[in-house]
Amino acid sequence: MQSLQATHTTSNKPLPAPLTTAINTTTLFSKELILPDKKIDFDFLTVPFCSGPYVKIDMKSGEIDGYDAVFLSPHKFVGGPGTPGILLMNKALYRLNSQPPPTCGGGTVAYINGFSEEDTVYYDDIEEREDAGTPQIIQKIRASLAFWVNEYIGYDTMSLRERVYSEIAMRRLVSNPNVRVHGCYSHFRDVRRKRLPLHGRFVTRLLNDLFGIQARGGCACAWPYGHTLLKIENELSLRIRSAIIEGYSGLKPEWTRLSFSYYLSKEEFKFILAAIEFIASYGHRFLSLYKFDWISGDWTFRKQAIKYHIMKEELALHTALGESKVADKLEKKHGGNHKFESYLEGAKKIALSLPDISQQVVNIPTGVDPDLVLFHI
């Protein structure tokens with residue numbers, strides 16, 4: 001806040017104070033926004049609700065510590081993909097009444113003088129002025145339904161269920177010597193590995209290919225925070241930057257992140273934890289089945305590897321039928337939640353049949369500094 005105000009002293013523009021209630025990288029969450037004891041003169045307070053899908057949103061209208069504006073992305077809600085962003089703001093902040101709307105389009109003009117643009121009359125209603133063109137009717141309905149789902153389930157129920165899942169997951173994962181949990185946890189343990197960690201997107205690829213679990217690798221918008229999480233000093237950061245400028249974006253350090261949402265069944269929750277632990281123990285064995293793109297950082301399955309693999313029948317089945325059809329066959333064969341056990345059993349059979357290449361020398365492209373390869377290849 002104080003740094004923001006110092007910057008503001010050189011500008012005549014209004015000073016916004018954008019504060020967030022949560023971090024979408026490690027789920028670090030603050031129930032209340034705590035402002036500094038020293039009074040800071042800012043013009044308005046805006047709050048991006050990264051925690052929007054999980055908490056009740058209250059602008060505290062009329063209160064001294066209320067928010068002037070709140071914005072969030074409903075596409076992160078359950079059932080929210082394809083919805084528009086939402087901005088809630090105090091009308092006093094809107095200063096465009098005497099000017100044309102920022103976006104051109106139909107539905108914003110009350111009257112047009114065919115002889116003078118200055119005599120054009122725009123609607124006074126703020127929402128109409130800011131909703132130019134064909135309205136996103138279906139998208140807005142979808143957004144309202146996403147909020148309805150939260151209201152129907154109840155925020156207390158959602159919070160309790162996610163808190164229980166998170167506590168169980170943290171106790172289990174933090175105690176695993178092959179897993180490192182990034183974030184601010186009082187019971188955090190610094191793991192000293194014998195080998196380099198797996199690349200974030202390689203882990204997400206294995207979660208998807210072996211178990212049908214969707215996760216994300218890294219987070220571009222939180223990379224400044226990522227420096228702190230991964231303990232990257234300025235000198236190393238600049239060297240990585242130089243490599244990326246040269247075209248080797250795959251060198252950017254990553255982590256893997258996923259959520260334990262309130263709607264997971266107990267069986268699904270246990271399955272996800274088991275899948276994470278499996279990859280932590282056996283993930284490096286699958287490296288020979290994938291090709292790493294140093295330019296993009298993507299991992300591609302080597303179909304030709306099936307020819308030389310003793311589990312080629314099982315791998316060929318997955319490749320030929322596709323993930324959804326394989327899942328249907330397994331579900332019909334095993335039924336219900338037993339399919340999760342079959343996924344883990346099948347993955348373990350494949351892993352044990354693969355050679356351990358953790359000590360194998362890997363060819364690194366000319367121009368890539370080996371010291372910048374901070375993950376296992």
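The values are calculated or read from the model by the stated rules, or taken from the named source; none is laboratory data. All values reported here derive from a predicted model rather than from experimental measurement. Every residue, glycine among them, receives a Cβ derived from its backbone with ideal geometry; neighbour counts consider all protein chains shown.
Looking at region 69-188, the helices (runs of 4 or more DSSP H) lying wholly inside it that each contain 2 or more residues that are acidic (Asp, Glu) sit at 126-129, 155-174.
If you filter region 330-340 down to residues that are part of a helix (DSSP H, G or I) and surrounded by 14 or more Cβ atoms within 10 Å (Cβ to Cβ), you find that the one that is modelled with the highest pLDDT is Phe340.
Within the span defined as region 234-255, one or more residues are in contact with a Lys or Arg (Cβ under 9 Å, 6 or more places away or on another chain) and under 17 Å from Val179 (Cα atoms). The condition of being at pLDDT 85 or above and part of a strand (DSSP E or B) holds for only one of Thr366, Thr300, that being Thr300. Scanning region 270-297 for residues that are surrounded by fewer than 19 Cβ atoms within 10 Å (Cβ to Cβ) and β-branched (Val, Ile, Thr) gives a single hit, Ile295.
Residues in region 123-143 that are among the hydroxyl-bearing types (Ser, Thr, Tyr) and surrounded by fewer than 12 Cβ atoms within 10 Å (Cβ to Cβ): Thr134 alone. Only one of the numbered conditions (1) modelled with pLDDT of 90 or more; (2) closer than 24 Å to Leu258 by Cβ; (3) not assigned by TED's automatic domain parsing to the domain that holds Ser259 is violated by Gln139, and that is (2).
Is it fair to say Leu88 is farther than 30 Å from Arg161 by Cα, at pLDDT below 90 and surrounded by 14 or more Cβ atoms within 10 Å (Cβ to Cβ)?
Details: farther than 30 Å from Arg161 by Cα: no; at pLDDT below 90: yes; surrounded by 14 or more Cβ atoms within 10 Å (Cβ to Cβ): yes.
Criteria not met by Leu88.
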